[in-house]
């Protein structure tokens with residue numbers, strides 16, 4: 001049965017995805033087997049639902065409080081300020097089974113999620129969600145109703161608090177001017193412990209000139225829900241259009257959320273829908289100047305666009321926020337930042353959107369002092385970054401997960417990411433101000449972390465490996481190799497800046513062991529005996545690290561470990577794909593690429609789950625790995641101290657060409 005299930009989840013989304021390079025359409029929706037799409041702008045994530053006029057979640061980046069899972073801070077849902085109600089001739093449309101011909105589509109080019117359906121024989125209805133790219137705290141719903149009979153509409157904008165919020169207070173504010181009248185539907189609340197103050201507000205946008213727009217009625221159902229509605233009588237064949245624009249913010253982003261959220265909604269309202277959407281589309285057009293274009297494979301092209309879209313949607317330049325494995329697609333992994341950011345998603349964004357990559361490093365840099373304290377409290381020097389990080393930069397891993405105290409390779413992952421950002425941008429000012437402080441602090445950590453047991457035996461003991469099934473092991477291959485890279489890069493960065501590097505860094509790097517079996521295969525850790533592994537570990541030494549460079553050694557490790565991977569997360573196969581590409585085996589690389597995500601697709605949009613059979617989308621970590629397979633594997637891009645170079649790699653037989661546009665700070669185009 002399991003193989004049948006995997007075949008179904010593999011094939012169904014691909015059929016849906018093979019239509020258009022930019023639009024994913026779901027026209028066969030089963031509410032019992034529905035995994036939503038997300039429209040997001042790096043701050044607000046709106047997750048779709050099959051229920052008419054409803055969304056599943058509205059998630060706000062950077063807003064965390066202690067509640068629920070694991071006794072650690074979790075990302076918060078904010079007010080659902082984009083839900084609606086619609087009554088047609090006295091019948092409220094509120095259930096999936098009340099409508100026919102329901103379909104939903106995601107326009108990835110402009111981050112627009114549209115739902116269409118018919119209601120009886122009376123009307124055809126369409127509404128589209130936008131998280132406005134140019135306004136980080138604002139979103140818009142565009143609604144079009146076409147009547148087939150004379151009927152009366154009663155649309156309502158609903159402001160509803162999720163259950164986790166406390167002390168909810170509703171507000172209704174009418175602002176009148178000679179040329180405009182604006183009604184603000186606003187609510188505030190406190191987060192579960194009262195740590196944060198949260199506010200949301202929305203308003204209608206009408207096409208009618210001032211003075212002839214519909215009269216609005218405010219209804220307070222209870223403190224957790226109130227709405228604003230109007231009546232509109234339409235003749236058969238008429239099309240009526242209106243929109244709702246709203247904003248949300250918390251005290252994590254502003255000292256005065258209530259007043260500021262109403263100011264932002266007023267700003268968006270007076271911009272008007274035409275200008276709002278024009279600026280939104282322009283912002284997305286600018287992002288898409290950095291793209292991956294495949295000729296000869298429409299299905300893969302659309303899926304690659306989906307991967308890029310989600311990484312772009314979950315991040316934004318200048319925010320200084322982290323990137324969770326599930327992005328803004330819900331509450332998965334509590335919204336925390338792991339190594340998923342630096343090792344899996346950051347590298348693709350670094351090549352496609354260096355400004356976004358810089359923002360991800362800003363998130364770590366701003367929490368450097370917390371990492372220093374973490375190292376000190378564990379008896380080490382320098383900075384020890386937490387395995388799971390949220391707002392404070394303190395450790396946020398639930399205590400039952402040993403990765404919190406022991407999965408130390410994340411500190412090296414962050415140092416390596418800082419070095420790679422310099423390599424791509426060649427920005428010495430940034431390196432001096434932010435990059436080198438990160439590299440120095442992380443290198444100092446490793447110099448104190450090793451146990452100096454003689455030449456070639458500066459051991460790193462008692463860690464959770466990158467292969468997380470290997471807990472509390474000694475001399476894990478990836479941890480040791482990443483530490484060595486971190487130490488080397490810190491020395492190189494110091495030399496570039498005219499700073500004398502700590503000579504101990506090179507000594508330590510030269511003496512950290514990488515264990516081998518008798519036949520030369522790299523040993524995952526000192527006690528490893530060939531058992532199944534969760535995910536890539538040793539193979540990371542060939543890419544993204546350069547610890548293993550000999551072609552024979554790379555192939556030997558690949559042959560040994562590829563068959564030992566269990567049902568772990570998606571991104572492992574991306575590493576296999578990159579290695580096969582660089583070994584001159586493009587068809588095997590393409591097979592590994594497809595194995596990394598096709599079995600993980602979920603209906604009706606083909607969103608990526610973490611594992612085959614998993615149900616927690618959207619797994620942005622996996623998307624980041626697959627995009628590295630495109631950029632660094634098939635595309636041959638390699639990051640060196642002198643910048644980006646292109647290696648000689650081949651393409652799968654069915655592809656005609658591969659073009660990578662807008663790469664790096666110079667926005668270079670690379671072709672294959």
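Say whether the condition of being on the phi < 0 side of the Ramachandran plot, crowded, with 18+ Cβ neighbours inside 10 Å and either modelled with pLDDT of 95 or more or not assigned by TED's automatic domain parsing to the domain that holds residue 124 (or both) is met by at least one residue in segment 171-180. Checked against the condition, which is being on the phi < 0 side of the Ramachandran plot, crowded, with 18+ Cβ neighbours inside 10 Å and either modelled with pLDDT of 95 or more or not assigned by TED's automatic domain parsing to the domain that holds residue 124 (or both), segment 171-180 yields no hits at all. Set side by side, the residues 391, 417 differ, and just one is over 21 Å from residue 71 (Cα atoms), assigned by TED's automatic domain parsing to the domain that holds residue 459 and at pLDDT 95 or above, which is 417. Assess whether residue 128 counts as being in a strand (DSSP E or B), touching a strand residue (DSSP E or B) at 6+ places or on another chain (Cβ under 7 Å) and farther than 19 Å from residue 277 by Cβ. No, not satisfied. For residue 297, are the conditions met, namely being under 30 Å from residue 577 (Cβ atoms) and out of contact with any strand residue (DSSP E or B) (no Cβ under 9 Å at 6 or more places or on another chain)? So residue 297 fits the description; yes.
As for segment 468-477, it holds at least one residue that is under 20 Å from residue 413 (Cβ atoms) and in a helix (DSSP H, G or I).
Give the residue that is surrounded by the most Cβ atoms within 10 Å (Cβ to Cβ), with candidates limited to residues of segment 215-236 that are more than 12 Å from residue 157 (Cβ to Cβ) and free of Cβ contacts under 8 Å to residues at least 40 places away in the same chain.
It comes out as 221.
Residues in segment 600-615 that are part of a strand (DSSP E or B) and either farther than 13 Å from residue 574 by Cβ or modelled with pLDDT under 95 (or both): 601, 602, 604, 607.
One residue stands out among those in segment 616-672 that are part of a loop (DSSP other than H, G, I, E, B) and closer than 17 Å to residue 356 by Cα: the one that is farthest from the chain's Cα centre (by Cα), which is 666.
Among the residues here, residue 536 qualifies as surrounded by 21 or more Cβ atoms within 10 Å (Cβ to Cβ) and part of a loop (DSSP other than H, G, I, E, B).
In the set (1) surrounded by fewer than 22 Cβ atoms within 10 Å (Cβ to Cβ); (2) within 30 Å of residue 66 (Cβ to Cβ), residue 346 fails one condition alone, (1).
Each row is one residue, and each column tells you yes or no for (1) farther than 30 Å from residue 38 by Cβ; (2) outside any helix (DSSP H, G or I); (3) touching a helix residue (DSSP H, G or I) at 6+ places or on another chain (Cβ under 6 Å); (4) at pLDDT below 95.
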position: 531; (1), (2), (3), (4): yes, yes, no, no
position: 552; (1), (2), (3), (4): yes, no, no, no
position: 558; (1), (2), (3), (4): yes, no, yes, no
position: 574; (1), (2), (3), (4): no, no, yes, no
position: 577; (1), (2), (3), (4): no, no, yes, no
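Could you go through segment 181-194 and let me know if any residue there is more than 26 Å from residue 59 (Cβ to Cβ), over 37 Å from the mean Cα position of the chain (by Cα) and in a loop (DSSP other than H, G, I, E, B). There is no residue in segment 181-194 that is more than 26 Å from residue 59 (Cβ to Cβ), over 37 Å from the mean Cα position of the chain (by Cα) and in a loop (DSSP other than H, G, I, E, B). When the residues of segment 1-44 are filtered to those that are assigned to a loop (DSSP other than H, G, I, E, B), in contact with a helix residue (DSSP H, G or I) (Cβ under 7 Å, 6 or more places away or on another chain) and modelled with pLDDT under 95, the one that is farthest from residue 594 (Cα to Cα) is 20.
Per-residue answers, yes or no, for (1) under 26 Å from the mean Cα position of the chain (by Cα); (2) buried (at least 23 other Cβ atoms within 10 Å of the Cβ); (3) not in a loop (DSSP other than H, G, I, E, B):
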residue	(1), (2), (3)
293	yes, no, yes
305	yes, yes, yes
310	yes, yes, yes
330	yes, no, no
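The values are calculated or read from the model by the stated rules, or taken from the named source; none is laboratory data. The structure displayed is predicted, hence computed values, not measured ones. Here the Cβ is made from the backbone with ideal geometry for all residues, glycine too, and neighbour counts use every protein chain on show.
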